[in-house]
Amino acid sequence: MRTNQPRTIYLSEYRVPAFLVDHVDLRFELFEQGARVHSTLDVRRNPDYPERAEHLELDGDSLRLEAVSLNGVTLEADHYQDQGDKLVVLSVPDQFQLTVVTWIEPQNNTRLEGLYKSSGMFCTQCEAEGFRCITFFPDRPDVMARFRTRIEADKSSYPVLLSNGNDIERGELADGRHFVTWEDPFPKPCYLFALVAGDLLLKQDTFTTCSGREIDLRIYVEPRNATKCEHAMDSLQRSMRWDETVYGREYDLDIFMIVAVDDFNMGAMENKGLNIFNSSCVLASPETATDASFQRIEAIVAHEYFHNWSGNRVTCRDWFQLSLKEGFTVFRDAGFSADMGSPIVKRIEDATLMRTAQFAEDAGPMSHPVRPSSYMEISNFYTLTIYEKGAEVVRMIHTLLGPDLFRKGSDLYFERHDGQAVTTDDFVRAMEDASGRDLSQFRLWYEQAGTPVLTVRDEFDAEAGIYRLSIEQSIPDTAGQTDKKPQHIPFALGLLGPDGEAVPLRLSENEADAPLERVLELTEARHSFEFHGVQTQPVPSLLREFSAPVRVDYPWTREQLLFLMSHDSDGFNRWDAGQQLAVDVIRSLMDGENGAVDERLVDAYRVLLNDPALDQALVAKMLLLPSEAYLIELSNDVDVQAIHEARTRVLDHLANALRDDLLACFHRNAGSGDYQLTPEAIAGRSLRNTALAWLLHIGDQEACTLAQQQFDVAGNMTDRLGALRALVNSRFVAEREAALETFYQCWEADPQVVEQWFSVQAGSQQSGTLEAIKALLQHPAFDWKNPNKVRSVIGVFAGQNLAQFHQPDGSGYRFLADQVCRLDDSNPQIAARLVSPLTRWKKFAQPYCSAMKEALETVRAKDGLSKDVYEVVHKSLR
Ligand code: 0A1
Ligand code: ZN
C-alpha cells in the first residue's frame, strides 16, 4: 500500500517562474558504469515574478549530486540543500552562473525517462519531466534557454554523438574517447532536449525549402535496419513540403535528424532538430511492415515534424496546455494524411477512434477536459482527450471559420507567439482576432469534460411543406464536473429526397439559392429549425463527416439507414449508416427479439461486395462490422460475452450467406506483383483479407487452402499477416500452428515483425486464451524491459481481445493486475497505461464488475506503488 498520497497540481496555482535561464552549457561524460553531467546555467531573476524570490529551486529526480558552484566558486554545503527532488540554492544574487555536477546511471534506467540505454546506445526522453532525471533544472516548459551540449564517449562503441542544433566542434580525447559539441540557436524548454550516442548507420537525403535553403536530412538506425528507412525519409520530405504549402511553415535549422530506438515508452518525440522514434514508428519495408504500419509511420513522421512549429517554435506555458501543441498537431497531421491518401477513410478512422476509445475515456473515471485543471502525474495525461478530442476542437474552429480565415488565424498565432510559451486561450484568441468571430462560448470545449449528447427529433408537415428538426444538447456529469453549460457545436446536415437527391435547405419561405448542406451552429440547450419547401418526407443526414465530437440520439428506422447507406452523398454518413444498421441488428439478437439476422443487412453487404463502381476504399471500411469495443461503448451494464456471441452470430450469418461473393471478392483483389501504397491498392488488400478472414471464420476448407497459399507466396507483409491472422482466428488448428511456426522461424531476428507475431496471437479468438498468453510471456523473444513487447502481448490481450480478457471468473483481470504490479517497479508509465482496461468496471454487469474492482484493489494494495499507477487506480476506485 502507498503510504503517502501524491500531491495534486492545480492549474489555478500557476505562477510565472521566479528565475529564468538564458543559456545552458552541458557536458556529458558517458561511461559503461554511468554518466557524469556538468551543467552550467546562466540564471537571472524574472522581472515579471511578483515578489523577490530569495532562493533558487531546481527540480531533480534520482540524481547523485557531486558539486555545486556559483560564479565559478564551489559552494559550501550550507549554501544549498539537496532535497532529492529539489536542489535549493540559498540566497542567490540577481544574475549568476550556476554549475551543477551530477552522476546518473543510464544503464540501470528502466523507466525510460531521462537518459537511458536501448540496444547498447544512449538516448533520452525528456517530455514531460525527464530532464530532471539528467540534471537539476527548472523543469517546466515556460523556462526557455539556448543549449550547448558537449558529449564525450568511447569512440569505437559510440562513434555517433548527437544533440540538438548544429555540430560546431569535434575532436579526439585520451583513452580512445572523442567528443562532439552541438549548439541549438533556438531557445527551448528542456523537455525538447535530446542526446544520442551509439554505433549507428546514417541514411541521408536533402530537402530544398521554399526559400531555397538546402536542409540535410538524416535518419540514424542500427546497421541491420539499413533497408527500412526509405519510407520514413519520403514521408519526411512530403511533410516538409506540405507544411510549406498548407501552413506556410518553413524548416528553420540546417539539419533535421531522426533516430530509431527499440525501447521507447511512446510513439516518437519531437526534440528540436533531433526527433527520437520508437523503431516500430519509423522502420518499414514491404516485406516486414503492413499497410497500417506504413500509414502510421507516415502520420507520425509528419506529426513530429509539424511540432517544429506547433510545439517547438511556439510551445506550452505549462502542462495543462498540452493540447495546445498536441491537439493542433494531430489536426495538422490528419490534414496531411487525408491529402496523402483517402480523406474519407482517414475521417472514418478518426471518428472510430473518437467514438470507441475517447468517448469511453470521457465517460470514465479519468475523464478530464481538453485543458485539464489538475493532475497528479502529467504522464497520465497524454490521452485521447488531449490528442484526439483536442484535434476535433481545432477542427471545429476550422469548420466555423472556413479554411481561409483559419489559415489567417494560424499565421497570426505563429507570428504573434513565435519563441513564446503560451496557452490554449492564446490560440483561440489568435483565431478570434484573425477572423473577427467571437469564440467565447466555444472555449467551453477546452474547459468542460464529457461527450455532449444531441437528441434530435423531426416531424414533417406535408401540407405546409415544412420539415422541422429539434435538437437538444446535454452534457453528462463527469468526474468532478456537474451542471455544464451548453457548448457551441457545428452541426453539419443534409436532407435526402425520395430518390436520394439533395433537398435545398431553405430556412425561410422564399430563400433563393438555398444550399444543399448546412452547418447549423448550436449554442443553446434547445433549438428548432424549420426547412421550407420540402415536398415529401426527407431522410436526414445528420452530423455529416462527424462535424463535432458528440453522440447523436435519433430514432433511426432500418429503412432510413439502408437508404442512407446507398444514397447519401456524404461518404462518411454512408459508412456510418451501415455501422448503425449493423449495431441495430446485433443488438436485436442480444435482446432476443427475433432469432434471425435481418436479411436486408445481407443484401446491403452483397451490394457492397459486388458493385465495382463504388469507392473501394470506402467499401473496405463499410464491410468491417462494428467492433466489440464500440458495441460495449454504446451499452450499459455490459455483458461482454453476450455482445461477443451476438456479433459472432451476425458475422457467421453474413459469411455463410455471402460465401461465393466473398470468394469472388478475394480473387478479384488478387493485386499485381509490386507493392503500392495508393488508396486503391490498400483497399484491395483490405478487401481481400477481410474476405479471407470471414471465410475462415466459418471454417471454409477452400479458404483455408487459399490462406495457406497466400501465406506462402505473399510478396508483402500485409497479405502474409492477413493470411496468418485469418488462420490464427480459425478452427484449423494444425494449419494455424504450422503457419505460426514458419513465420517465427523466418522473422525471429526482426523485432518489429516479432511484435506483430505476438499481437496476432494475443488478439486471437481461438488461441488468445489466458493460458496461451501466459505461454507467450515465457517465450524467449518476450522482454519485460521492452514496452513494445509488453504492449504486443499484454496490451493487445487486455485492450483488444475483449471476449477472452473478460472471463466471468475474473481470471483475465487478476492476470492483468499481476502484470501491472510487476511492471510498476520497472516502468511506471507503461504500467499506468496497461491498467486502463480495468478502470471502467462500473460500466460492466456482474460478475465482471466486482471482479474488475477486486483486481484494481489488489493493484492499489501493492507496496511502493508508483505515482503513475496510483493516480489511475485511486481515481477509478473512488
Ligand atoms: N510529444 C510526443 C509524445 C510523447 C509524450 C511523452 C513521452 O514520454 C512520456 C514521449 C513522447 C508526441 O506527441 O509525439
Ligand atoms: Zn505530439
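The values are calculated or read from the model by the stated rules, or taken from the named source; none is laboratory data. These numbers come from a predicted model, not from an experiment. Neighbour counts are summed over all protein chains in view; Cβ atoms, including those assigned to glycine, are modelled from backbone coordinates with ideal geometry.
Table for the structure above
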read-out: Leading residue by the ranking (farthest from ligand 1 (Cβ to nearest atom)) among those in the range 97-115 that are in contact with a Lys or Arg (Cβ under 8 Å, 6 or more places away or on another chain) and of a type outside the set (S, T, N, Q); value: V101
read-out: Unique residue being outside the structural domain of I378 (by the TED database), within 16 Å of ligand 2 (Cβ to nearest atom) and under 23 Å from Q829 (Cα atoms) when the list is G120, G114, G84, G130; value: G130
read-out: Residue that is surrounded by the most Cβ atoms within 10 Å (Cβ to Cβ), among those in the range 167-184 that are touching a Gly at 6+ places or on another chain (Cβ under 8 Å) and either without any contact (Cβ under 8 Å) to a residue 60 or more places away in the chain or of a type in the set (S, T, N, Q) (or both); value: W182
read-out: Selection count where residues are farther than 16 Å from L609 by Cβ, in a helix (DSSP H, G or I), over 30 Å from the mean Cα position of the chain (by Cα) and of a type outside the set (S, T, N, Q), scope the range 666-707; value: 5
read-out: Check on F331, part of a helix (DSSP H, G or I) and within 16 Å of ligand 1 (Cβ to nearest atom); value: yes
read-out: Single condition F294 does not satisfy, out of (1) within 13 Å of the chain's Cα centre (by Cα); (2) more than 16 Å from ligand 2 (Cβ to nearest atom); (3) of a type in the set (F, W, Y); value: (1)
read-out: Residues of the range 228-271 that turn out to be away from ligand 1 (no atom under 14 Å from the Cβ) and hydrophobic (A, V, I, L, M, F, W, C), as a count; value: 12
read-out: Per-region count, the range 762-785, residues under 28 Å from the mean Cα position of the chain (by Cα) and closer than 30 Å to E113 by Cβ; value: 11
read-out: R371 vs. criteria closer than 17 Å to E545 by Cα, in contact (Cβ under 8 Å) with a residue 40 or more places away in the chain, away from ligand 1 (no atom under 16 Å from the Cβ) and surrounded by 22 or more Cβ atoms within 10 Å (Cβ to Cβ); value: no
read-out: Whichever residue in the range 337-346 is assigned to a helix (DSSP H, G or I) and buried (at least 20 other Cβ atoms within 10 Å of the Cβ) and, among such residues, is nearest to ligand 2 (Cβ to nearest atom); value: S337
read-out: A334 being within 16 Å of ligand 2 (Cβ to nearest atom) and more than 24 Å from E129 (Cα to Cα); value: yes
read-out: Index of the failed condition, F381 passing every other in (1) surrounded by fewer than 24 Cβ atoms within 10 Å (Cβ to Cβ); (2) away from ligand 2 (no atom under 14 Å from the Cβ); value: (2)
read-out: Residue among Q804, Q819, Q756 that alone is in contact (Cβ under 8 Å) with a residue 60 or more places away in the chain, out of contact with any Asp or Glu (no Cβ under 6 Å at 6 or more places or on another chain) and of a type in the set (S, T, N, Q); value: Q756
read-out: Subset of the range 297-323 (residues that are of a type in the set (V, I, T) and over 16 Å from the mean Cα position of the chain (by Cα)); value: V314, T315
read-out: Some residue of the range 277-291 being surrounded by 22 or more Cβ atoms within 10 Å (Cβ to Cβ), in a loop (DSSP other than H, G, I, E, B) and within 11 Å of ligand 2 (Cβ to nearest atom); value: no
read-out: Those residues of the range 639-691 which are among the hydroxyl-bearing types (S, T, Y) and surrounded by fewer than 21 Cβ atoms within 10 Å (Cβ to Cβ), in sequence order; value: T648, S672, Y675, T678
read-out: Flag for F294 being touching a residue at least 12 places away in the same chain (Cβ under 8 Å), crowded, with 23+ Cβ neighbours inside 10 Å and of a type in the set (F, W, Y); value: no
read-out: Out of L777, L727, L740, sole residue that is touching a helix residue (DSSP H, G or I) at 6+ places or on another chain (Cβ under 6 Å) and in a helix (DSSP H, G or I); value: L727
read-out: Test set (1) within 16 Å of ligand 2 (Cβ to nearest atom); (2) surrounded by 24 or more Cβ atoms within 10 Å (Cβ to Cβ) - N312 fails condition number; value: (2)
read-out: Any hit, the range 562-574, residues being within 20 Å of R457 (Cα to Cα), of a type in the set (S, T, Y) and surrounded by fewer than 20 Cβ atoms within 10 Å (Cβ to Cβ); value: no
read-out: Residue that is farthest from D637 (Cα to Cα), among those in the range 843-856 that are in a helix (DSSP H, G or I) and out of contact with any helix residue (DSSP H, G or I) (no Cβ under 7 Å at 6 or more places or on another chain); value: E854
read-out: Residue match in the range 310-323 (condition: within 11 Å of ligand 1 (Cβ to nearest atom), at pLDDT 95 or above, among the aromatic types (F, W, Y) and assigned by the TED database to the domain that holds F381); value: yes
read-out: Test: residue in the range 385-393 that is surrounded by fewer than 18 Cβ atoms within 10 Å (Cβ to Cβ) and either among the small types (G, A, S) or at pLDDT 95 or above (or both); value: no
read-out: Listing of strands (runs of 3 or more DSSP E) fully contained in the range 449-518 that carry 3 or more residues being modelled with pLDDT under 95 and crowded, with 18+ Cβ neighbours inside 10 Å; value: none
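Condition check ((1) more than 9 Å from ligand 2 (Cβ to nearest atom); (2) closer than 23 Å to R416 by Cβ; (3) in a helix (DSSP H, G or I); (4) in contact (Cβ under 8 Å) with a residue 12 or more places away in the chain) across all residues:
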{"residue": "E298", "(1), (2), (3), (4)": "yes, no, yes, yes"}
{"residue": "V301", "(1), (2), (3), (4)": "yes, no, yes, yes"}
{"residue": "Y305", "(1), (2), (3), (4)": "yes, yes, yes, yes"}
{"residue": "S323", "(1), (2), (3), (4)": "yes, yes, yes, yes"}
{"residue": "E326", "(1), (2), (3), (4)": "no, yes, yes, yes"}
